[in-house]
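Here's the structure, in structure tokens; my notes come after.
The values are calculated or read from the model by the stated rules, or taken from the named source; none is laboratory data. The structure presented is a predicted model; accordingly, all values stated were derived computationally and were not measured. Here Cβ is always computed from backbone atoms with ideal geometry, including for glycine, and neighbour counts include all displayed protein chains.
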Amino acid sequence: MKAKKEVIIIGGGVIGLACAHYLIDKGASVRIIEKDTIGDGASHGNCGLLYFSDVIPLCSPGTVSQEIARTLKGTSPLYIKPTLDIKRLIWLLKFASKCNTGQMAKAAKEKYEILNYSISLFDTLLALKDINCDFEKKGILSVFKDKKNFENHETTNAFLKTYNLGGRRIDKEELQEFEPALKNDMAGAWLNKADWHLKPDMLMTSWRKHLSQKGLIIEEHCNVLEFETKGDAVVGVNTIKGNFAADAFILATGAWAPKTLRQLKLDLPVQPGKGYSITMERPGICPSYPCSLYEKSMVVTPWRSGYRLGGTMEFSGYDNNLNPKRLSKLISGATAFLREPVGHPVIEEWTSLRPMTYDDLPIIDRAPSLENFIIATGHGMLGLTLATGTGKIVCDMVFGKTPEINITPFGISRFR
């Protein structure tokens, strides 16, 4: 009889590390197989928000018309590469079909369950003495330039209050004193204390070290070639570094999941949504709070050790090239809101791919007909925020335990 359950995780981003964390705590022997390096994808250069109040899905009433209007004005953060990609077109049409009040309310309730579940798990994780990541529980400031948009957020805030996630209104006069880094022509802001922030690359580095000391085995620069199956189970994975066998397999490759799953003849509606960020030293007049700049759909995150501008959404396939025009939108967006929008020197210009589902809910489920193969992807822009909840759920599934929250909404069957 085996002393330990052996588990292979394919994908070394924040979801992969979170799964490894709970599995190792449960006594499993864990190996991560990563095609690049640990934490080198979307987990590296995001804005580091633990956005627990983000229950409202992207597919909400008015989203499509708003983005069409902003596109015509040249102010939209969204870019869709004009190519004949049938899967992307179908995805976009299904996204549009979800943009109604009923679907929004349903998805918000389902998102809330896993967001709320992740909070206490993150609290425990970040209390570990060797997890260092510039973590702060200050909240996030949603800033508005337009008076109408600011007032309209009252309705959004009322909805958030039904989940005990409402924010505090800060009018124009108070805002100038509350956050002096903002220009004085802001209409107002809302502070949501439910949200936290950290520096994601620091988290990944310290978390990797913590898990390695507890026995995690890591195979980097290790591409998967094929899976070996026997009956209703995966028994091994062939890679460029050889064959690895295990009792259970977890796929946590983010936006790359559809490509990996082709080998198992599985097709998931996950589209790569490209995001950008610019990391630099803190400017002289630096925000005290992470700021979500509403009209620009971007985020400004200050840390003790740095400063980052991030955002945009680009559907251009599996293209990891930096687009200078998208980077310049981040600078111009920050310039519209902040007295001193950039710091010097610039440390890194970055892009990566987020795994987007058309209903803005993650996929956490067993692969059809493969009982020991679990898929954890589709977290969209909340991969970091949902990491602990996802990791604990996956761990429970591996050990045959019923997860502590209902995961039916995150099942693959919803796409059939």
Checklist entry - Does segment 280-291 contain any residue that is modelled with pLDDT of 95 or more, surrounded by fewer than 22 Cβ atoms within 10 Å (Cβ to Cβ), in contact with a Lys or Arg (Cβ under 9 Å, 6 or more places away or on another chain) and under 30 Å from Val398 (Cβ atoms)? => result no
Checklist entry - Which members of segment 296-316 meet the condition of being of a type in the set (Val, Ile, Thr) and at pLDDT below 95? => result Thr312
Checklist outcome for this item: Restricting segment 202-240 to residues that are exposed (fewer than 13 other Cβ atoms within 10 Å of the Cβ) and basic (Lys, Arg), the one nearest to His21 (Cα to Cα) turns out to be Lys214
Next on the checklist: Quick check on segment 251-264. Is at least one of its residues outside any strand (DSSP E or B), under 26 Å from Ile24 (Cα atoms), assigned by TED's automatic domain parsing to the domain that holds Asp396 and among the basic types (Lys, Arg)?
Outcome noted: no
Checklist outcome for this item: Per the filter on segment 298-316, residues touching a helix residue (DSSP H, G or I) at 6+ places or on another chain (Cβ under 8 Å) and either of a type outside the set (S, T, N, Q) or surrounded by fewer than 20 Cβ atoms within 10 Å (Cβ to Cβ) (or both) are Met298, Val300, Ser305, Leu309, Gly310, Gly311, Glu314, Phe315
Next on the checklist: Whether any residue in segment 386-395 is surrounded by fewer than 21 Cβ atoms within 10 Å (Cβ to Cβ), of a type in the set (Ser, Thr, Tyr) and modelled with pLDDT of 95 or more is what I want to check.
Outcome noted: no
Checklist outcome for this item: Within segment 285-315, of all residues that are aromatic (Phe, Trp, Tyr) and part of a strand (DSSP E or B), the one farthest from Tyr51 (Cα to Cα) is Phe315
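Would you mind listing the strands (runs of 3 or more DSSP E) fully within segment 121-236 where at least 1 residues are of a type in the set (S, T, N, Q)? Can you show your working first?
Numbers: elements: 140-144, 168-171, 188-192, 217-219, 224-230.
The strands (runs of 3 or more DSSP E) meeting that bar are 140-144, 188-192, 224-230.
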Checklist entry - For segment 337-371, how many residues are touching a Ser or Thr at 6+ places or on another chain (Cβ under 7 Å) and either of a type in the set (Val, Ile, Thr) or at pLDDT below 95 (or both)? => result 3
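For segment 316-416, give me every one of the strands (runs of 3 or more DSSP E) that falls completely inside it and has 3 or more residues that are not assigned by TED's automatic domain parsing to the domain that holds Lys230. Walk me through it before giving the result.
Values: elements: 346-357, 363-367, 370-377.
Fully inside segment 316-416 and qualifying: 346-357.
Table: residues versus (1) outside any loop (DSSP other than H, G, I, E, B); (2) in the same structural domain as Lys241 (by TED's automatic domain parsing).
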position: Ile38; (1), (2): no, yes
position: Pro57; (1), (2): no, no
position: Pro61; (1), (2): no, no
position: Ser76; (1), (2): no, no
position: Lys87; (1), (2): yes, no
position: Lys94; (1), (2): yes, no
position: Met104; (1), (2): yes, no
position: Lys109; (1), (2): yes, no
